[in-house]
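This report refers to the structure that appears directly beneath it.
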Amino acid sequence: MPEQFSHPSTGLNWVDQLSRHAFMQADGVALRYKGNTTTWAGLDDRVRRLAAGLADVGVNKGDRVIILITNRPEFVEAVIAVNRLGAVAVPINFRLVASEVAFLAHDSGSAAIIVEQDLAALVASVRADAGREIASIVVGDNPAQAGPGSISFESLIADHEPLPGNGAAADGELALICYTSGTTGRPKGAMLTYTNLTMQTISGVLASTTVDTTGVRLITPPLFHIAGVGGLLPSITLGVTTAIMPTGAFDPDVLLDVLESEQITGVFLVPTQWQMVCERPGIENRKLALKTISWGASPATPAILRAMDKAFPGVPNICTFGQTEMSPVTTVLSGEDAIRKLGSVGKPVAGVSARIVDAEMNDVPRGEIGEIVYRGPGTMIGYWNNPQATEDAFRGGWFHSGDLVREDEEGFIYVVDRLKDMIISGGENIYSAEVENVISDHPKVREVALVGAPHPRWVETPVAFVVANDEQDPPTAEEIIDFCQTHLASYKKPTRVHIVEVLPRNASGKILKGPLRDQAKQESSV
C-alpha cells in the first residue's frame with residue numbers, strides 16, 4: 001500500500017474525501033470525459049503531484065490561484081490540488097476578456113494562474129501588465145504562449161512525487177473565492193470555506209440528487225460557476241462517478257446521446273435547456289437511466305415544468321434554488337411536489353434559516369411579498385477585499401439575497417422577482433416573474449424577459465422582449481398585450497413588446513436583463 005494512503009485522513013472536506021475514496025475504492029471510476037475514465041486512485045495521485053508542483057513554483061497556504069479552464073478533468077484536478085496545499089482556488093469565467101481577467105487577478109492578488117492552452121495568450125497579457133510576478137501553468141502543449149516562465153500542467157505533474165499527508169486546511173478556512181457575475185457593477189468575490197462546501201454536499205443529499213452512490217452524475221454547467229462546483233462537490237465527497245460534459249454550445253441531441261450512452265442517473269440543467277431537450281422528437285424512445293432530473297439558476301415557467309413531466313414520466317423533478325453566496329443551495333422543491341406546487345422553489349433545506357422581511361427587517365405576514373434573508377453554515381464569510389459590500393449584504397445580521405418571495409400556507413416559497421428587477425409603475429409594484437409566467441403561456445411564445453423602462457408619467461413602464469416559438473409565425477405586440485390584459489391587472493401589462501431572435505445570457509444560462517434594460521431606456525429617450 002502506498003505510503004500516502006497508509007493513514008487515511010480523518011477530515012471530511014473534499015480533499016480528505018478524495019484520499020479516502022482512493023484508499024477504499026482505488027479502481028472505482030471517479031471521472032468520465034469523452035470516453036476516457038479516471039480512477040479514484042489515479043485522480044488522487046495526479047492531484048497530489050500537481051499540489052507538489054504548485055508548491056515548488058511558490059504557491060503557499062492561503063495564496064490565491066486562478067483557475068481558467070473549460071469543463072474537463074484538469075479543472076477538477078487543479079481546484080483540489082490548490083486546496084490540498086491550503087491555498088485558495090479562484091475559478092473564473094473562461095469567456096472573460098483580458099481586462100476582466102486582469103481585474104480579478106489584481107483584486108484576488110493571485111499568486112498563480114492555471115490556464116487552458118486556448119486562453120494562454122490572454123494570460124500572457126495579464127501577467128505582463130500585472131506589475132508583479134504571477135506564475136502560470138498551462139494545460140496544453142505550448143506553455144510559452146502564456147508568457148515567460150510558464151510551465152506545462154502535465155510536466156508539473158510528471159516531474160513531482162505525490163505530496164504526502166492530509167490536506168493543509170481546516171474546515172473553517174477559506175477554500176474558494178467565487179466571483180459573482182457583476183451584472184450590477186464590478187464582480188464581488190464570495191469567500192467560501194470548507195464548511196460551506198461540505199454544507200453543499202449535505203444540501204445535495206437532502207435534495208435527493210446524490211444519494212445513489214452507484215449511479216453516474218453528469219456535470220453540464222460551467223465548472224467555474226457555483227452550479228458546476230456545487231454539482232461536483234457532492235460527487236467527490238460521496239464517491240459518486242461524475243461524467244463531465246465538454247464545454248460548447250448546448251445541443252439537446254448531444255445531451256440526450258450522452259444521457260443514453262453513459263447511462264446517466266442524475267443531471268442538472270437550466271430551464272431553457274430542459275425546454276430544448278423536451279422538444280426533441282423521439283425522446284420517449286430513448287433508453288435512459290435517469291433517476292432524478294433537476295433545474296435551477298433561473299426561473300422555470302409552468303409550461304416548461306409540464307413539458308418535463310410529460311417527457312420524463314415518473315422521474316422526480318427537483319428544483320434547487322440558491323446563490324453563490326450560500327454555496328449555493330438554500331431551498332429545494334422535491335419531485336413529488338413539482339407539479340402540485342408549480343412555480344415554487346420549495347422549502348429551506350436543513351441547515352438554512354430563512355426569513356421573509358420588509359425593508360426594515362420586519363417579518364412580513366405569510367402570503368405577502370418580502371426579501372428572503374438567510375443564516376446557516378452554507379453562508380459565505382464575506383466578499384473578498386470588499387468590507388463595504390460585506391456589511392451591506394449582512395445588514396441586520398442576516399445575508400440579504402436580493403430575491404423577493406412569498407410563502408404559501410404550506411410553507412412553500414415562490415420567487416416573484418429580483419429586488420433590483422422589480423418595476424414600480426405609477427406607485428404600483430410589478431413583479432417581472434409574474435408577468436413573464438403569463439406571457440410564456442401564450443402559444444406563440446418560447447421565452448420572455450420583462451424589464452422596466454423610464455416613463456414621463458408613470459416613472460417606469462414594463463417592456464417585454466419575446467422569443468417566438470415559430471420564427472415564421474411570431475406573435476404581434478398587440479397579441480401579447482391583449483393576452484396580458486385578459487390575465488393580469490391592466491397596470492401590469494407591457495406597454496411595448498419586442499420580438500427578438502434570442503435573449504442575452506451569461507455563462508450559467510441566466511438571462512441578462514441589463515442589456516435589455518439599456519435598450520428599453522434608449523428607446524424611451526428617443
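For the stretch 25-73 versus the stretch 344-417, the spacing of their alpha-carbon centroids is 35 Å.
Near Arg286, within a Cβ-to-Cβ distance under 13 Å, what is the net charge of the other residues, with Lys and Arg +1 and Asp and Glu -1?
Values: positive: Arg280, Lys287; negative: Asp253, Asp257, Glu260, Glu262, Glu284.
Overall, the nearby charge balance is -3.
Phi angles across the stretch 228-240 convert, under the Karplus curve 6.51 cos²θ - 1.76 cosθ + 1.60 with θ = phi - 60°, into 3J(HN,Hα) values of x, 4, x, x, 6, 3, x, 5, 5, 5, 8, x, 9 Hz, Gly and Pro given as x.
Output the antiparallel fraction of DSSP beta bridges having both residues in the chain, as a percent to the nearest 5. Intermediate results must be reported in sequence, preceding the final value.
Details: 47 of 83 bridges.
Counting only bridges with both partners in the chain, antiparallel ones make up about 55 percent.
Residue pairs exceeding 19 angstrom between C-alpha atoms, taken from Lys444/Lys510; Lys420/Lys510; Lys444/Lys493: Lys444/Lys510.
Note down the net charge around Asn142, summing +1 for each Lys or Arg and -1 for each Asp or Glu among other residues with Cβ under 13 Å from its Cβ.
Numbers: positive: none; negative: Glu116, Asp118, Asp141, Glu154.
Here the charged neighbours net out to -4.
Size descriptors for the chain: radius of gyration and Dmax over Cα atoms are 23.5, 77 Å. Helix 194-206 axis versus longest C-alpha principal axis of the chain: approximately 60°, rounded to the nearest ten.
Using only helices, what value at 222 nm comes out for the chain when you add -39,500 (n - 2.57) per DSSP H run of length 4 or more and divide by the total residues, to the nearest 500 deg cm²/dmol?
Working: 15 runs with 161 residues, N = 526.
Calculated from helices alone, the mean residue ellipticity at 222 nm is -9000 deg cm²/dmol.
Just order 330-341, 310-321 by mean Cβ neighbour count inside 10 Å, highest at the front, would you?
Numbers: 330-341: 20.2, 310-321: 18.2.
Packing proxy ranking, top to bottom: 330-341, 310-321.
Taking Lys and Arg as +1 and Asp and Glu as -1, the other residues whose beta-carbon sits under 13 Å from that of Ala170 total -2.
Rounded, prolate or oblate, given the Cα gyration tensor of the stretch 422-525, with a/c below 1.5 counting as rounded? Spell out each step's value before the answer.
Working: a/c = 1.62, a/b = 1.19, b/c = 1.36.
Taking the square roots of the gyration eigenvalues as a ≥ b ≥ c, the stretch 422-525 is oblate.
Each part gets one Cα centre, and for the stretch 450-496 versus the stretch 314-341 those centres are 29 Å apart. For the stretch 107-150, the residues whose backbone nitrogen is under 17 Å from a point 7 Å from the Cα of Ala158, taken along Cα to Cβ, are 117, 137-144, 150.
Would you please put 418-425, 430-437 in order of how densely packed they are, using the mean number of other Cβ atoms within 10 angstrom per residue and starting with the highest?
Numbers: 418-425: 16.8, 430-437: 20.8.
Packing proxy ranking, top to bottom: 430-437, 418-425.
Modelled spin labels at Glu368 and Asn385, positioned 7 Å past Cα toward Cβ, are 4.2 nm from each other.
Here, each number is a calculation from the coordinates, and none is a lab measurement. Given the structure is predicted, the values throughout are model-derived calculations rather than measurements. Cβ: placed from backbone, ideal geometry, glycine included. Neighbour counts: every protein chain shown.
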